[in-house]
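Undergrad: My questions all concern the structure below.
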Amino acid sequence: MPEGHSVHRIARQFDRNFIGKALSASSPQGRFAEGAELLDGREAISVQAVGKQMFLETEGDLWLRVHLGLYGAWDFAGEILLDPTIASANGRMGQTNQRGTDLDGDESIMDDDGENSLSSIGAPRRSRVHVRMSEDTRGLAEDDLEWPPPVVGQVRLRLMTDITAADLRGPTACVLQTPDEMLASVAKLGPDPLVGDPAENEERFVRAVRKRGTAIALLLMDQAVVSGIGNVYRAEMLFRARLNPHIKGKDIPEDIVRQLWVDWAYLLPIGVETGQMMTMDGLTGADYRAAMARRDDRHWVYHRAGLPCRLCGTEIVLEELGARKLYWCPRCQA
């Protein structure tokens with residue numbers, strides 16, 4: 001399932017390419033035909049990501065709420081506007097990282113699993129459409145770029161401007177809402193480090209965790225407790241805090257709960273900027289490049305079942321908890 005960093009990146013792309021422009025909306029699949037008809041011709045006013053959900057405001061007080069779920073993704077095609085104000089992972093300016101992480105002037109590092117791909121943001125997958133960057137055509141000639149791009153697969157919703165297209169596939173939710181309905185949806189979500197008041201968000205998280213007799217591994221995946229954390233960030237944050245995943249929220253000291261929140265507030269912006277869930281600190285040179293190219297080289301425990309812990313050498317355990325895979329080190333997190 002796409003985690004919070006991906007949805008914030010999607011919102012950024014909508015902000016660059018769609019906000020302030022009239023939308024052409026259609027539902028090639030047909031399942032959102034009535035909604036697309038209502039959206040068609042309206043101007044996009046604002047966009048906001050909260051956890052794993054995106055809210056797109058259009059004129060006439062009509063909001064589009066999208067939750068990608070396990071299999072959803074947005075594919076972008078056409079003139080993709082880059083944001084020169086976003087620093088890359090190594091601090092350089094003028095390179096968005098939406099199309100790959102650039103290190104020391106070398107060519108972009110594209111993640112093997114497609115996690116870092118601009119053309120398809122959501123469920124990890126490889127690009128299925130040609131993408132023409134506004135500063136970099138990546139070798140494609142004008143004649144090679146069909147416009148509008150052909151519909152590929154089951155597209156629930158296509159949003160277009162005169163130069164950019166965004167295709168939505170496989171979402172858990174794609175609904176239109178009134179302003180009150182949109183606010184009610186947001187109110188059900190836990191705090192997101194990139195939305196709202198930082199101090200208030202931390203207090204909400206601490207209160208929600210410490211009053212519950214539920215395993216912390218389940219609480220971190222509960223979007224009513226905290227927004228945006230999925231299976232990868234859950235496993236990695238618990239390891240970084242050296243927390244047993246089965247300890248109940250109410251039994252965790254307050255300072256450790258606050259440490260969890262601070263860590264989430266630290267990791268999420270890294271994911272947004274690089275497009276990758278980088279959870280290992282201090283990597284440089286070849287190690288950093290390897291980690292950016294392969295997710296197995298940038299995580300402490302996730303997807304490492306049966307392999308030795310990077311710190312103590314104990315075999316990483318894989319178990320099922322809440323119908324999701326949980327990876328952890330039984331020694332470091334004892």
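Undergrad: Mind listing the phi-derived Karplus ³J(HN,Hα) values for the range 170-175, rounded to whole Hz, using 6.51, -1.76 and 1.60 with θ = phi - 60°, and x for any glycine or proline?
TA: x, x, 6, 9, 8, 9
Undergrad: Amide H neighbours of S46 under 5 Å, at least 5 residues apart or on other chains, H built in the peptide plane: list them.
TA: Amide H neighbours of S46, under 5 Å, 5+ apart: E57.
Undergrad: Considering the alpha-carbon set of the range 191-328 alone, what are its Rg and its Dmax in angstrom?
TA: Just the Cα atoms of the range 191-328 yield Rg and Dmax of 14.8, 44 Å.
Undergrad: Please compute the length gained on full extension between I163 and R294, using 0.36 nm multiplied by the number of residues separating them and subtracting their Cα-Cα distance.
TA: Working it through step by step, the gained length comes to 43.9 nm.
Undergrad: How much net charge surrounds S27 when only the other residues with a Cβ under 12 Å from the Cβ of S27 are counted, with Lys and Arg +1 and Asp and Glu -1?
TA: Net of charged neighbours comes to 0.
Undergrad: Let me ask something additional. Looking at this model, which pairs from K21/K52; K211/K248; K52/K325; K188/K325 are more than 21 angstrom apart at the alpha-carbon?
TA: K21/K52; K188/K325
Throughout, read-outs are computed from the coordinates displayed, never taken from laboratory work. Remember, it's a predicted structure, so these values are computed and weren't measured experimentally. In this analysis, Cβ positions are derived from the backbone assuming ideal geometry, glycine residues included, and neighbour counts consider all displayed protein chains.
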